[in-house]
Amino acid sequence: MYIGEPGYAHRRKVKWLWVDRDGVSVSEIYRRKFSMRTIYLLARAELNVPALERYMNSQRRDPSAATSTPDPFVLIIDEINRANISKVFGELITLLEPDKRIGQPNEIKLRLPYSGDEFGVPSNLHIIGTMNTADRSIALLDTALRRRFEFAEMMPDPDLLADAAQLCGVDLPRLLRTLNERIEYLFDREHQVGHAYFISCQSRADLDERMRKRVIPLLTEYFYEDWAKVAAILGDHDGTRILKREELRAPAGLDEDADMPPRWRWSVRHGFGPDAYSGLL
């Protein structure tokens, strides 16, 4: 940029953060009108920072390539099925659909009730919601939310455990497949154990600890303390490797000749033997 006579030219390097040939109203980002001064500091108190950020982030352009694609932004909402959708999204739920975003054929902008700002959703904003299929609250998901999202199933991937298997000295991919096949047979496919339970294991001790404190308690929850089924899944029905099974003695006074099935006390062993996982492998 040159100002004044050629002999008194001044130049300042400019980094363009946002370019729009049609422009927007100054009132959207600044309470005052711009003056004719070449450059001056904007008063932060008069500046609508959220609106300015939206323009900078959603329509950032390379000046040498005016048609370049804006940078993508991703918003991740974990356990979205447990959220109060109306409070999380508010007016945003109306604007999520691709054809209603900024610059699209059916573009919609809303006036926010508190700030009074005009609000729209740019096309480069991607929203990802995660949920656990074992959680029954999925059935209660709002129909409006279902209509605006695509659902992609992500099942356990045993092949991702190849590196952890070498560190632990146990065939973890095969162990996980066997474990989940038995869970699916005795319960359902939605309650399978994910590979994330084992992917960070660095040793056999890590694997034993993960089984003892996370996987086995999960199985007992699934089967409502039915230890016979837990033992069947672990391949330790006689309680000699991972679990410990002790027969309970009948209380005095009961007829010992009565036709009563044996009753057992189950517990998890403090130390697993070298063949602890043979029932799963």
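The values are calculated or read from the model by the stated rules, or taken from the named source; none is laboratory data. All values reported here derive from a predicted model rather than from experimental measurement. Here the Cβ positions follow ideal geometry from the backbone for every residue, glycine too, while neighbour counts run over all protein chains shown.
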Checklist outcome for this item: Among helices (runs of 4 or more DSSP H) entirely within segment 1-96, at least 2 residues that are modelled with pLDDT under 75 and out of contact with any helix residue (DSSP H, G or I) (no Cβ under 9 Å at 6 or more places or on another chain) occur in 49-58
Next on the checklist: On the basis of being touching an Asp or Glu at 6+ places or on another chain (Cβ under 6 Å), surrounded by fewer than 17 Cβ atoms within 10 Å (Cβ to Cβ) and not hydroxyl-bearing (Ser, Thr, Tyr), does Ala134 make the cut?
Outcome noted: yes
Checklist entry - What do you reckon, is Glu225 out of contact with any Phe, Trp or Tyr (no Cβ under 6 Å at 6 or more places or on another chain) and closer than 18 Å to Asn132 by Cβ? => result no
Checklist entry - Can you pull out the helices (runs of 4 or more DSSP H) entirely within segment 153-227 that have at least 1 residues that are exposed (fewer than 12 other Cβ atoms within 10 Å of the Cβ) and hydroxyl-bearing (Ser, Thr, Tyr)? => result 172-186
Checklist entry - If you check Arg241 against the conditions, is it more than 22 Å from Leu160 (Cβ to Cβ), without any contact (Cβ under 8 Å) to a residue 40 or more places away in the chain, in the same structural domain as Arg174 (by TED's automatic domain parsing) and surrounded by 16 or more Cβ atoms within 10 Å (Cβ to Cβ)? => result yes
